[in-house]
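Down below is the structure, laid out as structure tokens.
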Amino acid sequence: MLRRLKFFGAGAFISIIFLVLGPENRLQKTFYSYIDYFNPEKRVVGQMILADSTNFFTFDTTEIKEFYEGAWVNHQMTNKEEYPQVFVLDNFVNQINKRLTLYFYDNEKKRVDGETKRYTRVDVKDFKKVETLSKRSYKSYFFNIGIFFLVMIPVSLLVRKLIRKRRIQDE
């Protein structure tokens, strides 16, 4: 059992080296994707980026796309109960506190080739400098750590038990 575990560990180590040294750091991207999976801020920003239609109106598109990097949701000002949903994002960009207010239309319908299709639309309502920003929530990261310990503690105890059992059998 211990010999198999050593072979598995060596193989895992070699594969990690190949993934890290590859043309693109796939291990890092995958790790960040797992961490961000339970992060509601990343999900909201991702949904805004992936919307089928975005109306920037008179606002600078490159400045707003730069703003999305590291932005978080202001939960006190966000209203998800009404339609359209109003999302307020905060971020600290180039030493300036900025706030972005968006209208998110999730159930928009349009006719394409005689068929009704559903699509998402984002309208930028306001993009301004502000004095103070909301506090970022770290609940999702604590949730991630909790799941990790929930899985890893029983697994480590099981492996210890198997190693002890194997040692007793070998003696």
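The values are calculated or read from the model by the stated rules, or taken from the named source; none is laboratory data. Given the structure is predicted, the values throughout are model-derived calculations rather than measurements. As a convention, Cβ positions derive from the backbone with ideal geometry for all residues, glycine included, and neighbour counts pool all protein chains shown.
Could you tell me whether the range 89-103 includes any residue that is assigned to a helix (DSSP H, G or I) and surrounded by 11 or more Cβ atoms within 10 Å (Cβ to Cβ)? No, there is no match, as no residue in the range 89-103 is assigned to a helix (DSSP H, G or I) and surrounded by 11 or more Cβ atoms within 10 Å (Cβ to Cβ). Return the residues of the range 69-84 that are under 28 Å from Lys109 (Cα atoms), under 20 Å from the mean Cα position of the chain (by Cα) and surrounded by 15 or more Cβ atoms within 10 Å (Cβ to Cβ); say none if nothing qualifies. Of everything in the range 69-84, those that are under 28 Å from Lys109 (Cα atoms), under 20 Å from the mean Cα position of the chain (by Cα) and surrounded by 15 or more Cβ atoms within 10 Å (Cβ to Cβ) turn out to be Val73, Thr78. Taking each residue of the range 138-154 that is outside the structural domain of Ala71 (by TED's automatic domain parsing) and looking for partners that are in a loop (DSSP other than H, G, I, E, B) with beta-carbon atoms closer than 7 Å, six or more apart or interchain, yields Ser140/Phe38; Ser140/Asn39; Phe143/Phe38; Asn144/Phe38. Being in contact with a Ser or Thr (Cβ under 6 Å, 6 or more places away or on another chain), assigned by TED's automatic domain parsing to the domain that holds Val73 and without any contact (Cβ under 8 Å) to a residue 40 or more places away in the chain is a description that does not apply to Lys117.
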